[in-house]
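Working notes for the structure below.
The values are calculated or read from the model by the stated rules, or taken from the named source; none is laboratory data. Fair warning: this is a prediction, and the values are worked out from it, not measured in the lab. Every residue, glycine as well, gets a Cβ built from its backbone with ideal geometry; the counts of neighbours run over all protein chains shown.
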Amino acid sequence: MSQKFITVLLAMLLGIQAIATDLYLSALPSIQADLSATIGQTQLTLSVMMLAFGISQLILGPLSDRFGRKPVLLWGVALFTLSGLATAFSSSITWLIALRALQGVGVGAAVMSGRAVLRDLFAPERGAIVMSKAFTGLGFLALASAVLGSVAAEYLGWRSTLVLMSAFGLVLWIMLRARFQETLVVRNLHALEWRTLWSNWLSILSHPAFLSYSMLSTFSFCSMINFLAGSSFVFIKMLGLSKLQYGLCLFFMPVSYISGTFYCRYLLKKYGLQSAVKRATWLTLVPGLALVTFASFGIQTMASLLAPFYMFMVGHGVMQSSGQTGAVAHFPQKAGVASALNGFLMMAFGFATSLWLGANLVDNAAPMMHGMAFFAISVSAVAWFIVPRFGKLPA
């Protein structure tokens, strides 16, 4: 497989998470109304998917270390595609939540395997550059999802957004079946034994570099989730935007993110991964402080919400590429398990964040702003103080 193909494939594997969220964000208020659900119940279609995404990786990671990346990818993407198609026919919010959980397992298989494949093929510093390129592709997928999702929700109804997810899954499955070659050279025959699992989990979770980079990717992800889980209700129901206008707001989110991935590659090539993270800290600290300030003074406008978030997304492009690469860098023989644990931490914290937001987001944007600010400032603290001390990478 050529490096160009690997980069495109990684973009699609990592981007499946954006497809599973961004495509239907514009449709959330319609889902709430059509299925007679509360805001909290409707947000569960997002948060339960993330929880299943996170928990499933704890088994999928060892499975991929035992049997290889390809079989896990094929079964996982098939599950994503079929369960996604079934969601389009949901008659109640309960069924939609349950099917989204199955879809989350498929997302977990794709994203976890993508990170493991990266570690199979590239050394850490080179892997970070390839990862940032893949995240550029992810940004374009998110951009397309924001536009297609808002148009589909406006003119074809919320069920059409779920059909589009399945169409993406089918294309990805065909690519994997036809072109992907196994990247795991030596299978770990004991990867699924409980003693091995427990030993691997403990050794990885106790490693300071893993914890440092996982905190970086997790806190950055949680700040973004605060926006994704709450923004459709804030902009459409509270600020009165149409679905198409909201889609236009989402359009510039991946544009900012893509800019961040390019900035990430510049920093990586010039300074290395540890210094790149530290130098990008201002991109998360400034928006975090701005959101706290705006929320304190009751300023809840499109500008006060979007300007800090767009700046944060530039920083997110640096922090996610660096965080996810650094988390698996020390574990070439356990890349599947390390990738799974990193993904589990992100999704578990993201699930808790989404639940908190669903319970507190009622009639104004302050809870969303406070949540975004808290995690953005946390990212800055980790990038400035923890990663430089504990985040040294192997050669």
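Across segment 133-152, what is the number of residues that are of a type outside the set (Phe, Trp, Tyr), out of contact with any Pro (no Cβ under 9 Å at 6 or more places or on another chain) and under 18 Å from Val314 (Cα atoms)?
4
Identify the single condition in (1) part of a helix (DSSP H, G or I); (2) surrounded by fewer than 19 Cβ atoms within 10 Å (Cβ to Cβ); (3) among the polar types (S, T, N, Q) that Gln181 does not satisfy, given that it satisfies every other one.
(1)
Go through segment 237-283 and count every residue that is under 30 Å from Ile386 (Cβ atoms), aromatic (Phe, Trp, Tyr) and buried (at least 23 other Cβ atoms within 10 Å of the Cβ).
Final tally of qualifying residues: 1.
I'd like to check which helices (runs of 4 or more DSSP H) are fully inside segment 295-395 and have at least 1 residues that are within 16 Å of the chain's Cα centre (by Cα).
Result: 302-328, 335-360, 366-381.
Considering only segment 134-151, I want to know if a residue exists there that is in contact with a Lys or Arg (Cβ under 8 Å, 6 or more places away or on another chain) and either modelled with pLDDT under 90 or more than 30 Å from Leu273 (Cα to Cα) (or both).
Yes, segment 134-151 has at least one match.
Out of segment 253-282, which residues are part of a helix (DSSP H, G or I), more than 22 Å from Leu141 (Cα to Cα) and among the hydrophobic types (A, V, I, L, M, F, W, C)?
Leu267, Leu268, Leu273, Ala276, Val277, Trp282
I need every pair where a residue in segment 294-308 that is among the small types (Gly, Ala, Ser) has its Cβ under 6 Å from the Cβ of a residue that is surrounded by 13 or more Cβ atoms within 10 Å (Cβ to Cβ), sequence separation at least 6 or different chains.
Hits for this filter: Ala295/Ala366; Ala295/Met369; Ala295/His370; Ser304/Phe294.
Look at segment 374-395 and say how many of its residues are among the polar types (S, T, N, Q) and touching a His at 6+ places or on another chain (Cβ under 9 Å).
0
Tell me the helices (runs of 4 or more DSSP H) entirely within segment 1-99 that contain at least 3 residues that are within 22 Å of Ser145 (Cα to Cα) and modelled with pLDDT under 90.
Qualifying helices (runs of 4 or more DSSP H): 3-22, 28-34, 39-67.
Just give me the residues in segment 187-201 being among the hydrophobic types (A, V, I, L, M, F, W, C) and without any contact (Cβ under 8 Å) to a residue 24 or more places away in the chain, in sequence order.
Hits for segment 187-201 are Trp194, Trp198.
Looking only at segment 377-395, count how many residues are in contact with a Phe, Trp or Tyr (Cβ under 8 Å, 6 or more places away or on another chain) and under 11 Å from Ser212 (Cβ atoms).
3
Sort through Gly247, Gly240 and tell me the only one that's over 22 Å from Gly288 (Cβ atoms), small (Gly, Ala, Ser) and modelled with pLDDT under 80.
Gly247
Can you tell me which condition Phe294 does not meet? The list is (1) surrounded by fewer than 24 Cβ atoms within 10 Å (Cβ to Cβ); (2) closer than 23 Å to Leu13 by Cα; (3) touching a helix residue (DSSP H, G or I) at 6+ places or on another chain (Cβ under 6 Å); (4) not acidic (Asp, Glu), and all the others hold.
It fails just one condition, (2).
Would you pick out the residues in segment 116-157 that are of a type in the set (Phe, Trp, Tyr) and either within 19 Å of the chain's Cα centre (by Cα) or surrounded by 24 or more Cβ atoms within 10 Å (Cβ to Cβ) (or both)?
Within segment 116-157, Phe135, Phe140 meet the criteria.
If I ask for residues that are free of Cβ contacts under 8 Å to residues at least 60 places away in the same chain, part of a helix (DSSP H, G or I) and under 29 Å from Ala329 (Cα atoms), which ones from segment 100-126 would you list?
Of everything in segment 100-126, those that are free of Cβ contacts under 8 Å to residues at least 60 places away in the same chain, part of a helix (DSSP H, G or I) and under 29 Å from Ala329 (Cα atoms) turn out to be Val105, Ala109, Arg126.
Scan (1) surrounded by fewer than 22 Cβ atoms within 10 Å (Cβ to Cβ); (2) out of contact with any Cys (no Cβ under 9 Å at 6 or more places or on another chain); (3) under 24 Å from Gly139 (Cβ atoms) for the single condition Met302 breaks and write down its number.
Condition not satisfied by Met302: (2).
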